[in-house]
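Written out below as structure tokens is the structure these notes cover.
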Amino acid sequence: MKPSTRRRLFRGVLYAVFVIALVAVVLAADWEAIGENFFDAEVAREAFPTIITVAVKNTIIYTVIAFAGGLLLGLLLALMKLSPVAPYRWAATAYIELFRGLPALLVIFGFAFAVPIAFDWRPPGGSAGAGLLALIIVSGAYIAETIRAGIQAVPSGQAEAARSLGMGPAWTMISVTLPQAFRIITPPLTNELVILIKDTSLLFIAGMALQDRELTTFARDSVSQTANATPLVLAALMYLIITLPLTQLVAKLERHNQRGR
């Protein structure tokens, strides 16, 4: 048997296995129970418009705040890690390794409950503010490594050429290196934004007021009230509506950068 024939035969077997598995799932599923528990139209109607005006709105607001804060913190940490001053490098490295190694949920829990108890201080914004501060701190550690990699990916000749024109190190970094670095790291930064959108779901652990709820907290509360899983399906759909365009944008930016090289 020719290799091409074997490949076609093997591919046909794979298709057949997939079709058989799909048919088995369709026949075994209790579609009536699935419809009643996951796609109840009445429960879905009750979720609107609050799921949009409160949950989606807050999810987007929390994401923007956490990303902007994490970006500024990450830029500072990246510059510290590349600093010729050793203590700055040590401090930035310790911070980055610490918060990249800790679960975000644990950090949120700490800022929402442990920090107020230990220091008799609550972050501005109550529970939502504590959760956002934790997300900024964690995301800053990840973004710092992304920015550092972008800066180091810029050819050293660019900085050398700028200095030969009389630019100082600081102005060279601001006007030459950073713009090129951010062009390189736009896809991974966009991916970090997508991750943050999903990480806002962890804010439920802080205990959110009704007007502060994001999508996951809203869905959890609605499931408890209705004893039906339809709100979870709606929340999942909203997450997909927000994140899928961004993931497609990441793929497009990556293809554009590859062509640019």
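The values are calculated or read from the model by the stated rules, or taken from the named source; none is laboratory data. Just so we're clear, the structure is a prediction, and the values are computed from it rather than from any experiment. Reconstructed Cβ throughout: ideal geometry from the backbone, glycine too, with neighbour counts over all protein chains shown. The area values use the complete protein model at the heavy-atom level, side chains included, leaving out ligands, DNA and RNA. Shrake-Rupley method; radii C 1.70, N 1.55, O 1.52, S 1.80 Å.
Structure data summary
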item: Residues located in the range 1-38, provided they are of a type in the set (D, E, K, R) and assigned to a helix (DSSP H, G or I); result: ARG6, ARG7, ARG8, ARG11, GLU32, GLU36
item: Residue match in the range 244-252 (condition: within 13 Å of ALA55 (Cβ to Cβ) and open to solvent by 20 Å² or more (accessible area, probe 1.4 Å)); result: no
item: Condition check for ASP120: among the charged types (D, E, K, R) and at positive phi; result: yes
item: Enumeration of residues in the range 212-224 that are open to solvent by 20 Å² or more (accessible area, probe 1.4 Å) and out of contact with any Asp or Glu (no Cβ under 9 Å at 6 or more places or on another chain); result: ASP212, THR216, ARG220, ASP221, VAL223, SER224
item: Answer residue from the range 77-89, given it is free of Cβ contacts under 8 Å to residues at least 12 places away in the same chain and surrounded by 13 or more Cβ atoms within 10 Å (Cβ to Cβ) and is nearest to ALA181 (Cα to Cα) among those; result: SER83
item: Inter-residue pairs, beta-carbon under 8 Å, first more than 19 Å from LYS81 (Cβ to Cβ) and in the range 151-178, second hydroxyl-bearing (Ser, Thr, Tyr) and open to solvent by 20 Å² or more (accessible area, probe 1.4 Å), 6+ apart; result: ALA162/SER175; MET167/SER175
item: Any hit, the range 61-72, residues being over 30 Å from VAL233 (Cβ atoms) and open to solvent by 80 Å² or more (accessible area, probe 1.4 Å); result: yes
item: Unmet requirement for LEU193, which otherwise passes all of (1) of a type in the set (A, V, I, L, M); (2) open to solvent by 10 Å² or more (accessible area, probe 1.4 Å); (3) more than 17 Å from the chain's Cα centre (by Cα); result: (3)
item: Members of the range 39-86 found to be polar (S, T, N, Q) and assigned to a helix (DSSP H, G or I), listed by number; result: THR50, THR53, ASN58, THR59, THR63
item: Qualifying residue in the range 80-95 (condition: at pLDDT 95 or above and within 16 Å of GLY131 (Cβ to Cβ)); result: no
